Each structure stands twice: as C-alpha cells, then as structure tokens.
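Visitor: Supplied in structure tokens, the structure appears directly below.
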Amino acid sequence: MATVGGNRNGVHRASNLRTSSSFKSKLPPANVRRSSPASIGGVAESGRVRVAVRLRPRNAEEQVADADFADCVELQPELKRLKLRKNNWDSDTFEFDEVLTEFASQKRVYEVVAKPVVESVLDGYNGTVMAYGQTGTGKTYTLGRLGDEDTSARGIMVRSMEDILANISPETDSISVSYLQLYMETIQDLLYPANDNISIVEDQRTGDVSLPGATVLEIRDQQSFVELLRLGEAHRFAANTRLNTESSRSHALLMVQVKKSVPGGVDFPQESQNHSSLVGNLRPPMIRKGKLIVVDLAGSERIHKSGSEGHMLEEAKSINLSLSALGKCINALAENSSHVPVRDSKLTRLLKDSFGGTSRTSLIVTVGPSPRHRAETASTIMFGQRAMKVENMLKIKEEFDYKSLSKRLEMEIDKLIAENERQQKVYENEIERIRLEAQKRVAEAERSYVEVLEEEKTKCQMDYMESIKKLEEKWTFNQQKHAFNGENQAYAGGEEAAELKRLLQNEIRLRKAAEEENHFLKNQLLKFSKELESGNANGFSIQEVLEEEGLQKKKLEEEVRVLRSQLAQQSIEANQSRSYPERGNSGNPLLGIDSLTPLNDLRSRDGNNGERASIANLHEQVGLHKILSLLESEDANVRIHAVKVVANLAAEEANQEKIVEAGGLTSLLMLLRTYEDETIRRIAAGAIANLAMNEANQELIMAQGGICLLAMTAGDAEDPQTLRMVAGAIANLCGNDKLQTRLRSEGGIKALLGMVRCRHPDVLSQVARGIANFAKCESRASTQGTRDGRSLLIEDGALPWIVQNANNEASLIRRHVELALCHLAQHEVNAKEMISGGALWELVRISRDCSREDIRALARRTLTTSSTFQAEMRRLRIEV
Ligand code: ADP
Ligand code: MG
C-alpha cells in the first residue's frame, strides 16, 4: 500500500487537497445553486472527487465476538479525521472530506455526500455517487435502503429522486432511469432481466459511452421510482440466485438522466427599461442534460477470502476485474499518470466520466469497526485516500433547444409581423392625414390667391380708370384749348353776346314799359292840368281826392304807430311766456331734408318762438292787406317788421294763397327788386321760396318776372343765407315740369350755378337739389316724348360742377348730384357729353360704391341700358 504513515504528526492527507481552489475556474456557472454549508469539505464547487468515510455500528455478532476488543478505527468527525489503530499504542490518522460516525443519520449522509451531486445534475452536470467498502459495511444500507418500514432509513437513491422530482417541472422536464448490474463483466438489465448482456457503445467523436440496450423508464413520481428500485432489487436477487452468486459480488448501477429545459428570453440592456422595445439579446431556450450514476460496488474484500465459497480462482478474478481496474485507474489518476487504463474493464468504461472526467463525483467509503477486518478496513481507507486526489473537470451538459427555439422564433416573427402591420397602418393613416391636410391648405391658398387676385384686379382697374380719366380730361382740355385758339374762338364770345343781347332786350322792354307809363302819366298830368286851368268841377274833385289821400295817410300813420306799440307789447308778452307749446311742423311743406326751412331760420335769427303767436294776432287784428301795404312803408324798420310777418305767414301753407291773392308775391318781388338791404332781401327771398313750394305760385312767380329778380339777387347777394333762400326758391321752381324752358331762358340755371361761388354747404345743397329737380323733370319729359335734344343743364354748362361734386363729402349734396347724374344718363343724347365730361367714371363709381341701394341700382341699370356707355366701357375695359 502506498502512502501509509506520512507527515510529522502522522496525519495522512491527500497531497492536492490544499490546491482545490485552483479548480474554481472550472466551476459551474453562477446560476448553479450552492450546496448547503454541510456539503462535503464545505467547498462544494471543487471538481475534485469528494470522499467521505462512514463507520457502521457494531452488529450483534461483533458486539459479542469483539466484546473485549476496541474498534480498529477511532473517528474525530470535528477534525474530519479517522485514526486506524495499528496496535494498542499506535495508530495512523487520515483526513477525509467528511467523517461520518456510526451515529450519522441517513439524512445527514445524503446531505453531505449526495445532495451537492444531485444539485449539480439538476444544473446540467454529470454526477456520480459511489459506495466502496468491504461486504457488510453498509454500502447498500447507505445507497439503496427504500425506507419502507422507517422513512428515516431512506438511502441516497430514494432521497436523490425526491430532490430531483422536487426541482423539475413535469411539463417541460423529464427523468428517465436505467438500473443495471455488472457481474463478471456482463451488464444485466435489472428492469428487464431477459436483457442480460448489454453492450457499451462509445461515441467515437465525443468518447461518451451509452447503453442503447438498457431499459429506460420515465419517472413521473417518487412512488413509481421506489417501485422501480424494488423491482430492480428483486431481479438482482433472482439473477444472483440463478448465477449462484451474492449481490455482494456484483456492481449495481442506477442511471438517472435528467433533462431540464431552461426557457429562453430576451436580455435587455440595463439602461433600457422599456421592454416593449424589440431590441435586445435573444437568449435561446436550452436543454440541460445531467446524468446521475449511483454505484453500489461489489465488496472490496480480497478474493481469497470469498474463494472459500466455492468459486474457481479465474472466476473470482473475473468477478473482481472491474473493481481492481477501478483501483488502478484511480491510482493512475491520483498519481497523474499519463496512462489511465479505463478500457480494462466495463466498470471503468462506464465510470469514465466519473473519475477523471467531467462529472461531480462523491465517494463514500464504508468501514466496519471490527479489529478482525483491520486489513480490509485499511485497504478501503487507502482507496478513499487515493480517490481524494482525483480531479475532475466539471462541464455543463447543455444544448440548444432548437425545437422550442424555432417555435419561439416563429412566435417572435409573428409578433414582429403584427407589429409591422400595425405600424404600416399607423403610417398609412398618418400619410392620409397629411395628404388631407395638404389638400386643405392648397385649397385655402388657392382661395386666398383668387381673392387677392380679384382685389388686385379691381385695384388695377380703378387705377386704370383713373389714369384713363386723367388722360381723357387732358385730351379734352387740349381739344378745348385748341378750339379756343382756333376758329371756334368766336363761339364763346357769341354766347356772351347773346346773353348781353338778351339782357339788353329785357332792359329795353322794361324801359319801354316805364316810358309808356311815363307817357301815360304825363298825359294824365296834362289832362288834369287842362282841367284845372279850365276851372271845372274836376279840378275840385282832384283837390278833394288829394286831401282825402292826405287824411288817409295820416290815419294810416296813426294806425302804424298803434300797431308798432302793439307789436312791441306782444313781443314782450311772448318773451315772458314760456308756456307756449312747440310749434308742430306738420303744416309746413318746406321741412325735411330736401327742403328749405327759411321760417325756422328767420325765427332763430330775427325773432323768437313767441313771435309767431304775436304775428298771428297781428294778422288777425290788422288784416293781411294792411300788413302787405306796410311792405312799402318808407320807414325801414316798419318794412323789416312787415316782411318778417309776411315771411312767417308764408311758411304756413294755408296762408300762401291768401298772400298771393292779396298781391303779397308782387310786393315781395318788389322788395327784391327795390331794396338793397340784405336782411329784407334775405327774408323776402325766404318768403318767396316758401311760396314757391306751391305749383300755382311757381307759375305766378315766373309770370311776374320772379326768375329775373331771383337771378339778379343770386348775382349780387353776398350773404350765404340770402343765397341759400334764393337757391332754394329756384330749386323749387326747377321741380316744375311746365316751367323748364322758361326757367332756363330767364337765366335760372345759370343763376343757380353762379351761386356755387359761395362755398357754403347749405347753398351748394340747394343748388344740387335744384339741378337734381331739373334733371328729373327733363328726364320725365324725355321719357314722355315731350322733349328731345341735349339736357339744358348740359347746355348751360352744369356738367363740370355736377361731375366735380358727384363725390362731395356732404352726403346731402352727393346724393342730389348722384341722382342728377343718373337722370341725365337716362338719355342717350346726353351720353357723349357725359363721357367727355368724365361723368361715366362717376356713374361707374356710383354703381359700385353708393351707399343707397336704389341709387346704386339706378346707376347700374342706366349704364347697362345705354349703348353709348356700354361701348365706352368696353373700350375702357370697365365692368360694372
Ligand atoms: P454491504 O452492502 O456493504 O454488503 P449491507 O448494507 O448489506 O452491507 O449491510 C450489512 C448489514 O449491516 C445489514 O444488516 C445492515 O442493515 C447493517 N448496517 C450496515 N450499515 C449500518 C448502519 N450504519 N447502521 C445500522 N446498521 C447497518
Ligand atoms: Mg451490499
């Protein structure tokens, strides 16, 4: 025997025990569960073969036979030492990975010897638990006890399966078991005894050995496994009987194949917590194939001892071939020999991976206490000591689970396809949304473009119109200038001469009338003188008449004085009175925006609200005739008062007829003619304007030469209010269809136009009203066919003023002028002059911009019905 004895204190230790840490690099990966602290040597991860020694208690026979002797071994479990007595005073000490006394429970033995191996098997390593020792020392007790009657007696096989079953998932993992006996180099199937010569097949490439002929049973639960063990045991017993041998001479091998699947997955980088991301390391599913071999070796006692039992020596050699081959291999491995005779026996071939291979291996050596078997015990201890030096290279048996990998990849692909489709859909929706949005924006842009274009077009047209207008004006101006300078120069002069001639004729007529009257009076005077000279009664009567006249005059003067004081009195009364109600306007046709209100003006300027009541009283008391006669009073104050009274009365329509009948109109006209006083003229003109509201009066005014007088006043009056009254009176006359020609021939239109020199808007407003009235009457007459030819307004040169004021700031003026333009434009005969005078532009403007719908419509209608305007508009490219 090799290394008996040893170091100074006599402790034998496997030489490479302390270098076990060098095997750490070959340890299982981090996810392998750690063994309990009670595991062999406390260094569960080492690849070295772990060896424990177990002492069987004395059996009944030994208790008697060895009663006077001490045990041949003494255990120091806390030091993991075993002392083997040499004699009464000397012993050898051996150190093991674990020392299990006779009191060690089956549970503890399992935990320190087998559990770490079982755990490794579950992690995908091969594992071996083997018992070595002399027959009867407890190998089968340690490994194979089923624990039927006492569960605490369950051996390593049963407990291993319990642990394996507890750590697999029946859905994905599997356990399969073979149970074999090796006897005289023959492998027999303990699960199927007919199978009594199973051959070992070695993979040429990997060197792995397998037993394809062995029965392999799937294990689903502990019960069926225990049944399997029981069956195997029974078959072992039967076979041994048949072979006329003992189980102690055969090796029993339980092979448990554990296939455990490790699900795949995706490992995401730590910073990315977003697992919805599809990017990560794909971890494929794996299958771990761990194989556990539990070997209950034949008894290690020497053959000569059992030779007594009748076996031939050769046979005995054959029986122990495997065991001695195992010893040789372990020796070779322990000594790091270059040659390990693995192929020498079937046992060493089967345990190729267990010693010097990749398996995690635990060996339990069993010894008995009897000093009679000291030599066998020593041999067993030495076997264990050598085995402790064997280093294995643990290697995980794990392979890709391609089937489930492909299944999982298919699922991944399906998921990705679904995701892709979803994203495609989202993308398409987004594209559609963007397309619609773009369409909408294009439509909007087109719309605003069209609007801007339209605006630009209108603006351009207006600019164009403006420039054409200016050019036309310039052209007209040049034409006129040219004409003036040329042969037509005489025309203007001729017109002026005609006007002068007309005035001259008028003057001649008036002079003639005056001469006639003078002549008549002269004749009368001559006649009276003759009568006076002849002294006839007529002379007396004339004197009487003169005296009568003088008296009458005195009486009248007296009356005037009375009236004046009454008037003053009434005025004071009226002033004091505040209780008079507001005068109603209903009776006054002059009120309203298109009308004159001379009375109101008179009242506000020259009197007060109470004056009217006193005037009414006066009128009642004195009588109209007397008031009218006062208009010719020599006293200027009287005349002023009288004209005020008349004007006020004339404001009432009811009085107008009476005033005219009583010769008031003639008197008022006389005042215009005779008096230079501005106040009187203003009030008289106002009164005439009021009377001119009435159609019958209009004719009378006309008949009495009123136009001439009004024209005269229009020509020399300065006061805007006077002019306003005069213009109002003429404007009223302009509205009379019958008087059109006469009004014009007596200078009414020219008088009207002349008044525009006063820029007062009130005056302009009346002028515009007059022109509009006149144009309206002309238009009516033309439509009725009672007149033809160019408008007299145009003839009299009203057009430039009309065009100039068509867009006057004052709405009242503008409206009259707009209407006048529309009326003038009704007749084709006016069109040419209107175009050359620039009226077309104004009509176009009115048709577009006028705030009054009816005027706008009238302008548009007029423009569209006139062929001349149409042609011009076409020429100028103007659209209405
Ligand atoms: P082997 O298999 O090594 O030949 P066995 O397991 O058959 O030995 O054991 C021989 C006898 O010793 C059996 O009767 C067994 O019950 C008993 N025995 C063995 N080991 C122990 C132990 N640790 N405690 C009690 N009895 C034991
Ligand atoms: Mg046995």
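The values are calculated or read from the model by the stated rules, or taken from the named source; none is laboratory data. Every value quoted in this text rests on a predicted model; they were computed, and no experiment measured them. A quick note on method: Cβ atoms are made from the backbone with ideal geometry, for glycine too, and the neighbour counts reach across all protein chains shown. To get the accessible areas, we keep the full protein, side chains included, count just its heavy atoms, and leave off ligands, DNA and RNA. Shrake-Rupley method; radii C 1.70, N 1.55, O 1.52, S 1.80 Å.
Visitor: For the range 712-817, what relative contact order do you get, as a whole percent, if you take Cα pairs closer than 8 Å and at least 6 residues apart?
Guide: Dividing the mean separation by the residue count of the range 712-817 yields 28 percent.
Visitor: Let me ask something else. Kindly write out, for the range 645-654 in residue order, the coupling ³J(HN,Hα) from the Karplus curve 6.51 cos²θ - 1.76 cosθ + 1.60 (θ = phi - 60°), rounded to whole Hz, with x marking Gly and Pro.
Guide: Along the range 645-654, the couplings run 4, 4, 4, 5, 5, 5, 5, 8, 4, 4 Hz.
Visitor: What are the ³J(HN,Hα) values, in whole Hz, obtained from phi via the Karplus relation 6.51 cos²θ - 1.76 cosθ + 1.60 with θ = phi - 60°, for each residue of the range 76-81 in sequence order, with x given for Gly and Pro?
Guide: 10, x, 5, 9, 6, 10
Visitor: Could you tell me which of the pairs 469/832; 260/403; 352/403; 115/289; 501/750 are separated by over 26 angstrom between their Cα atoms in the structure shown?
Guide: Those over the limit are 352/403.
Visitor: How much length is gained if the chain between residue 523 and residue 409 is pulled fully straight, taking 0.36 nm per residue apart and subtracting their Cα-Cα distance, in nm to one decimal?
Guide: Value of the extension gain: 26.1 nm.
Visitor: About its Cα centre, how strong a charge dipole does the range 732-876 have in debye, to the nearest 20, once Lys and Arg get +1 and Asp and Glu get -1 at the Cβ?
Guide: Rounded to the nearest 20 debye, it is 100 debye.
Visitor: Right, next: Please give the Cα centre distance for the range 160-232 versus the range 137-159, rounded to the nearest Å.
Guide: Result: 19 Å between the Cα centres.
Visitor: Turning to a different aspect of this structure: So, in nm, how far is label residue 425 from label residue 162 when the simple model puts each one 7 Å beyond its Cα toward the Cβ?
Guide: 5.6
Visitor: Could I have the simple spin-label model distance between residue 634 and residue 227, label points 7 Å from Cα toward Cβ, reported in nm to one decimal?
Guide: Going by the 7 Å Cα→Cβ label model, 17.0 nm.
Visitor: So if each residue of separation counts as 0.36 nm, and I subtract the Cα-Cα distance between residue 171 and residue 851, what length gain in nm does that give? Working shown, then result.
Guide: Working: separation 680, 0.36 × 680 = 244.80 nm, distance 9.45 nm.
That works out to 235.4 nm of additional length.
Visitor: While we're on this one: How about the range 109-154: which GluC sites (Glu not before Pro) there are in a DSSP loop, with at most 10 other Cβ atoms within 10 Å of their Cβ?
Guide: Passing both the DSSP loop test and the Cβ count: 149.
Visitor: Quote the charge dipole size of the range 104-151 about the Cα centre in Debye, to the nearest 20; the model charges only the Cβ of Lys and Arg (+1) and of Asp and Glu (-1). Kindly include the intermediate steps, with their values, before the conclusion.
Guide: On the way: 5 positive and 6 negative charges, 37 e Å.
Dipole magnitude for the range 104-151 comes out near 180 debye.
Visitor: Can you give me the relative contact order of the range 165-224 as a percent, contacts being Cα pairs under 8 Å and 6 or more apart?
Guide: Averaging sequence separation for qualifying contacts and normalising by length gives 34 percent for the range 165-224.
Visitor: I need the GluC sites (Glu not before Pro) found in the range 332-393, filtered to DSSP loop residues with at most 14 other beta carbons within 10 Å of theirs.
Guide: 335
Visitor: Using protein chains only and a probe of 1.4 angstrom, how many square angstrom of residue 641 are accessible, to the nearest 10?
Guide: Result for residue 641: roughly 80 Å² accessible.
Visitor: Amide H to amide H, which residues 5 or more places from residue 126 or on other chains are under 5 Å from it, using H placed in the peptide plane?
Guide: Under 5 Å from the amide H of residue 126 lie the amide H atoms of 291, 360, 395, 397, each far enough along the sequence or on another chain.
Visitor: Any chance you could check the Cα centroid distance between the range 684-702 and the range 322-360 for me, in angstrom?
Guide: 156
Visitor: Once neighbouring chains are kept in place and the probe is 1.4 Å, which whole percent of the accessible area of the range 389-474 is contributed by carbon and sulfur?
Guide: C and S fraction of accessible area: 59 percent.
Visitor: Then there is this: Please compute, over every Cα-Cα pair in the range 390-475, the percentage with a separation greater than 15 angstrom.
Guide: Of all Cα-Cα distances in the range 390-475, 80 percent exceed 15 Å.
Visitor: What percent does the relative contact order of the range 337-403 come to when contacts are Cα pairs within less than 8 Å and at least six residues apart?
Guide: 37
Visitor: Now a separate question. Set the Förster distance to 25 Å, then compute FRET efficiency between residue 452 and residue 877 from the Cβ-Cβ distance, nearest 0.05.
Guide: Taking R0 as 25 Å, the efficiency between residue 452 and residue 877 is 0.75.
Visitor: May I pose another question? Would you kindly state how much longer the chain becomes between residue 513 and residue 205 on full extension, computed as 0.36 nm times their sequence separation minus their alpha carbon distance, in nm to one decimal?
Guide: That works out to 94.6 nm of additional length.
Visitor: Please identify every one of the trypsin sites (Lys or Arg not before Pro) in the range 77-140 that sits in a loop by DSSP and has no more than 16 other beta carbons within 10 Å of its own beta carbon.
Guide: On the way: sites: 80, 81, 83, 85, 86, 107, 108, 139; in loops: 80, 86.
Filter output for the range 77-140: 86.
Visitor: Work out from phi, with θ = phi - 60° and the Karplus expression 6.51 cos²θ - 1.76 cosθ + 1.60, the ³J(HN,Hα) of each residue of the range 127-138, listed in order in whole Hz, and give x for Gly and Pro.
Guide: Once rounded to whole Hz, the list reads x, 9, 10, 10, 10, 10, x, 5, 4, x, 8, x.
Visitor: If you don't mind, there's one more thing I want to ask. Under a Cβ-only charge scheme (Lys and Arg +1, Asp and Glu -1), can you give me the dipole magnitude of the range 363-427 about the Cα centre, in debye to the nearest 20?
Guide: Here the size comes out at about 460 debye.
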